[in-house]
1. Please report, as a whole percent, how much of the solvent-accessible surface of the range 1-132 comes from carbon and sulfur atoms (probe radius 1.4 Å).
2. Just SER90, SER140, SER126 to compare: in a GNM of the chain, with alpha carbon springs under 10 Å, which one fluctuates most?
3. Find the accessible area per residue for the chain; the probe is 1.4 Å, ligands and nucleic acids are left out, and the unit is Å².
4. By how many degrees, 0 to 90 and rounded to 10, does the Cα axis of helix 53-67 deviate from the longest principal axis of the chain?
5. Per DSSP H run of at least 4 residues, take -39500 (n - 2.57); add these up for the chain, divide by its residues and hand me the 222 nm value, nearest 500 deg cm²/dmol.
6. What accessible surface, in Å², does a 1.4 Å probe find on PHE41, ignoring ligands, DNA and RNA and rounding to the nearest 10?
7. Just to verify a number: what accessible area does VAL73 come out at with the full protein assembly present, 1.4 Å probe, Å² rounded to tens?
8. Just order 27-40, 76-89, 58-71 by mean Cβ neighbour count inside 10 Å, highest at the front, would you?
Amino acid sequence: MLPTTALDAFRAALPQGGRLLGLDVGTKTIGTALCDAEWHFASPAQLIRRTKFTADKAALAALIAAQAVRGLVIGLPLNLDGSDSPRTQSTRAFARNCADLGPILLWDERWSTQAVEQQMIAEDLSRAKRAERVDKLAASYILQGAIDALTMG
């Protein structure tokens, strides 16, 4: 199955549910988050420091195997007007190259980092602590938004 933005197609690819892995793919790191098999809640997981794509994909494959992940939700960095940007295109290419890891849902992440930053500022976390946590928390925010949409109705 090719990466999709269609909730119905993604849900149909996972009729039994199962754990999902959320990804916030950056140029230097990949923030990850996991949800339970019933798609109730997302939690931040590990931060993967990017090197070469093959090593990045191997780290994701190891996490998928260790956590019995059935599908991936990858944050799609659209422009504010909903159009694609160069980063959007690189994220789509990353998703296509990971398609053999399981079904992939591309999820609009336009506001994830800002929302997480605001929350951490409200919690009075230092700039250094925010920098080390933002990608994992953004992945969790992305994944929670997707599972909320997947389980509505």
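1. Roughly 54 percent of what the probe reaches on the range 1-132 is carbon or sulfur.
2. SER126
3. Value returned for the chain: 51 Å² of accessible area per residue.
4. Value to nearest ten degrees: 70.
5. Values: 5 runs with 70 residues, N = 153.
Rounded to the nearest 500, it is -15000 deg cm²/dmol.
6. Counting only protein heavy atoms, the figure is 120 Å².
7. Result for VAL73: roughly 0 Å² accessible.
8. Working: 27-40: 18.1, 76-89: 12.5, 58-71: 15.4.
The peptides rank, most packed first, as 27-40, 58-71, 76-89.
The values are calculated or read from the model by the stated rules, or taken from the named source; none is laboratory data. From a predicted model like this one, the values you see are computed outputs, not experimental measurements. Positions of Cβ are backbone-derived with ideal geometry, glycine not excepted, and every protein chain shown enters the neighbour counts. Just so you know, the surface numbers come from the protein's heavy atoms only, side chains and all, with ligands and any DNA or RNA stripped out. Shrake-Rupley method; radii C 1.70, N 1.55, O 1.52, S 1.80 Å.
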